[in-house]
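One structure is given here, and the rest of the page talks about it.
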Amino acid sequence: MASDRMATPQSSSRQSSSLSSSPMSTRMQSLQVDSVQRWMEDLRHMTEVECMCVLQAKPIGVEEDSQQGELIVGSGVGAGDHVARNNLQTLLRRALVVSTELGKMFQRLEKGRWQRVHSTAVRANCHVRSLVHEYSTARSTPPEMQKYEKSLLDKCMELTNITERCLHTDDEFFLKSMREAIHDILTDVSDSFSNMIDMALANEIRVLIKQIESSDSIHTIGSAISNLLSLTQDGPQLCSIIAKEGAVVALFKICRQDRFKDLYAHALRTVASICCVEEGINQLDKVDGILCLADILTDESSVEAARAEAAAVVAQITSPHHTSTQHLASFLESMHDIVTALIKLCESASCGEVFLLASAALANITFFDSMACEILLQLNAIHILLQACKDRQRVDTPYSKDQVVTILANLSVLEQCASEVLQEQGVERLLLLLGEKPSSSSPSEGAACERVQQKAAVTLARLSRDPDVAQTAIQLKAVPRLIELCRSPTERNNSDSVLVACLAALRRLAAGCPDSIEAADHQQLIKPRLVDSFLLCSNMEESFV
């Protein structure tokens, strides 16, 4: 039964079909920083280091491949401004600059542009020294990290010296041997730099976690959580470091103390972001985080924001894209309570985002256990979800509709689902979903609309095993709409998955009611093998006559 269910593509954004990995990357909030302000901050790092290059009288040549804006000279910024900076953001921005320079060096080394290789080595050296100096000034460096710093600085200086030697010879044999040596040193520098940055970040993260664990101030704890949340936006590697340092454990300690109720939503949002990686989910499992989530979801005194963020964590950890499923064993113990709380949250949601989080969690849950589908049917979920589709305050985007139709597709595996769908005029709703179109040129919105159309067709096909559903669909002119989707690429957003689903639905309806399909359509869309009909429709030029 599980194998017959529709898979839901995940993404990291709350505007996506679900809230997973990928990295819940796009569900996770971006740093709310003006782009010009960010550019000005990054510019300061470049000008300071480039000025160092000039002061050291290092030649920076101009070649045909030099990129405009690579060397930026501007007014300096006082040291007082740096002291006030957030250590983590400064560290990340510096690290990005160094990584960019090292990447350029690899490229120019391959092309044998020795002047550019040397000037890039000089800049990378200066950037690294500046980063090490600034970090050491801002915070005491752990002893193990000091070893990496010394080794890294020595390798950077070696890299500068060896590339300078290549400027004074045209001996191809010598340059070839140097290219291999420089490549090896550059690889060592890159590895050492990555290790040093990881250690520095881990050190900063430990400071934040200590603030969360040891402080009684809501303001201090909230600030530390905000910093952790902003770090999770920088990718899964940082989320792994955050998880390994014990952030999930610390955040659930907050969520188990009534005096910090105002921080529950903030803490859980951060947990959801961290759980885009397996390490985060493993930490959640070790501290019985699922029981804590169930308590918050079922606690009627919990504010909606906290329950919504708990739903976001559930959606993240139940994502079908996670390779590890060990944590789901403990989830099954609390599944009935969680599913009940989530469908209630869908029914009472005050806005689209809350509904999206709760429905995304339910959509994921229906994938891995048929019991969840049976529970939802008992809880009158079909009525709740179809009523929500009529409420633009709750279901206001294709992303929310994607969650609803995913749940319906999985519920439609059960035979008793058909009568409830008929009772709630669900066939009419499925036909409306077949016409879902994006309201903007956003690729993610277009993809969500395709998923809605595909799953609506799959649900219709599954439900049409019931003769009453098939007859109702035919009376509501489902056949002409399905044929239109098959024959018109623009109607289905040029999606092959929508085409296959619509062909399958047509064939299901034709099997029960052959007279509903005209002879020409039957000859092209029903009679051939499915793959032949697919090839015919996918290569069809749309007619505008």
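The values are calculated or read from the model by the stated rules, or taken from the named source; none is laboratory data. Worth saying up front: this structure is predicted, and the values here are computed from it rather than measured. Glycine gets a Cβ as well: all are built from the backbone with ideal geometry, and neighbour counts include every protein chain shown. Areas reflect the complete protein model, heavy atoms only, side chains present, ligands, DNA and RNA absent. Shrake-Rupley method; radii C 1.70, N 1.55, O 1.52, S 1.80 Å.
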Keeping all protein chains in the complex and leaving out DNA, RNA and ligands, what accessible area do you get for residue 301 with a 1.4 Å probe, in Å² to the nearest 10? 80 Å²
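Taking a ≥ b ≥ c as the square roots of the Cα gyration tensor eigenvalues, with a/c under 1.5 meaning rounded and otherwise prolate when a/b beats b/c, else oblate, which class fits region 189-324? Mind showing how you got there, number by number?
Numbers: a/c = 2.33, a/b = 1.39, b/c = 1.67.
Oblate is the answer for region 189-324, as a/c is 1.5 or above yet b/c matches or exceeds a/b.
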Would you mind working out the magnitude of the charge dipole of region 80-201 relative to its Cα centre, with +1 at each Lys and Arg C-beta and -1 at each Asp and Glu C-beta, to the nearest 20 Debye? 420 debye
I'd like the distance between the alpha-carbon centres of region 467-506 and region 117-144, rounded to an integer number of Å. 61 Å
Quick check: at a probe of 1.4 Å, how many percent of the accessible area of region 128-176 sits on carbon and sulfur atoms? 53 percent
Region 426-544, accessible surface, carbon-and-sulfur percent (1.4 angstrom probe): 53 percent
For region 80-201 the mean separation of alpha carbon contacts under 8 Å (6+ apart) over residue count, i.e. relative contact order in percent, is 32 percent
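Would you work out if region 394-451 is rounded, prolate or oblate? Take a ≥ b ≥ c from the square roots of the eigenvalues of the alpha-carbon gyration tensor; rounded if a/c is under 1.5, else prolate when a/b is larger than b/c, oblate otherwise. Don't jump to the answer; show the numbers that get you there.
Details: a/c = 2.80, a/b = 2.17, b/c = 1.29.
Judged from the Cα gyration tensor, region 394-451 comes out prolate (a/c at least 1.5, a/b above b/c).
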Distance (nanometres) between label positions extended 7 Å along Cα→Cβ at residue 523 and residue 324: 5.9 nm
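Would you mind calculating the relative contact order of region 376-437 from Cα pairs under 8 angstrom and at least 6 residues apart, reporting the percent as a whole number? It would help to have the intermediate numbers written out before the result.
On the way: 23 pairs, mean separation 24.7, N = 62.
So the answer I get is 40 percent.
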Taking 0.36 nm per intervening residue step and subtracting the Cα-Cα distance, what contour gain separates residue 165 from residue 187 on full extension? 6.0 nm
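With every protein chain left in place, what is the accessible area per residue of region 426-544 in square angstrom, probe 1.4 Å?
Values: 5570 Å² over 119 residues.
Here the per-residue accessible area is 47 Å².
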Between residue 295 and residue 223, what is 0.36 nm times their sequence separation minus the Cα-Cα distance? Round to one decimal in nm. 23.4 nm
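Which of the pairs 286/401; 455/527; 104/244; 150/244; 150/286; 455/477 have their Cα atoms more than 28 Å apart in this structure?
Values: 286/401 34 Å; 455/527 24 Å; 104/244 31 Å; 150/244 26 Å; 150/286 38 Å; 455/477 18 Å.
Result: 286/401; 104/244; 150/286 exceed 28 Å.
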Could you name the aspartates and glutamates in cross-link range of residue 261, using Cα to Cα under 19 Å and dropping any fewer than eight places away on the same chain? 213, 216, 288, 295, 299, 300, 304, 309
If you average the C-alpha positions of region 375-451 and of region 262-304 separately, how far apart do those two centres end up, in angstrom? 27 Å
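Stretch residue 351-residue 535 to full length: gain in nm at 0.36 nm per residue minus the Cα-Cα span? Intermediate values should be presented prior to the final figure.
Values: separation 184, 0.36 × 184 = 66.24 nm, distance 4.25 nm.
Extending this stretch completely gives an extra 62.0 nm.
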Heavy atoms of the protein only, probe of 1.4 Å, neighbouring chains included. What is the accessible area of residue 481 in Å², nearest 10? 40 Å²
What's the Kirkwood radius of region 426-544 in Å, using all Cα pairs? 14.2 Å
Please enumerate, by chain and number, the lysines with C-alpha under 24 Å from the C-alpha of residue 111, excluding those fewer than 8 residues away in the same chain. 58, 155, 176
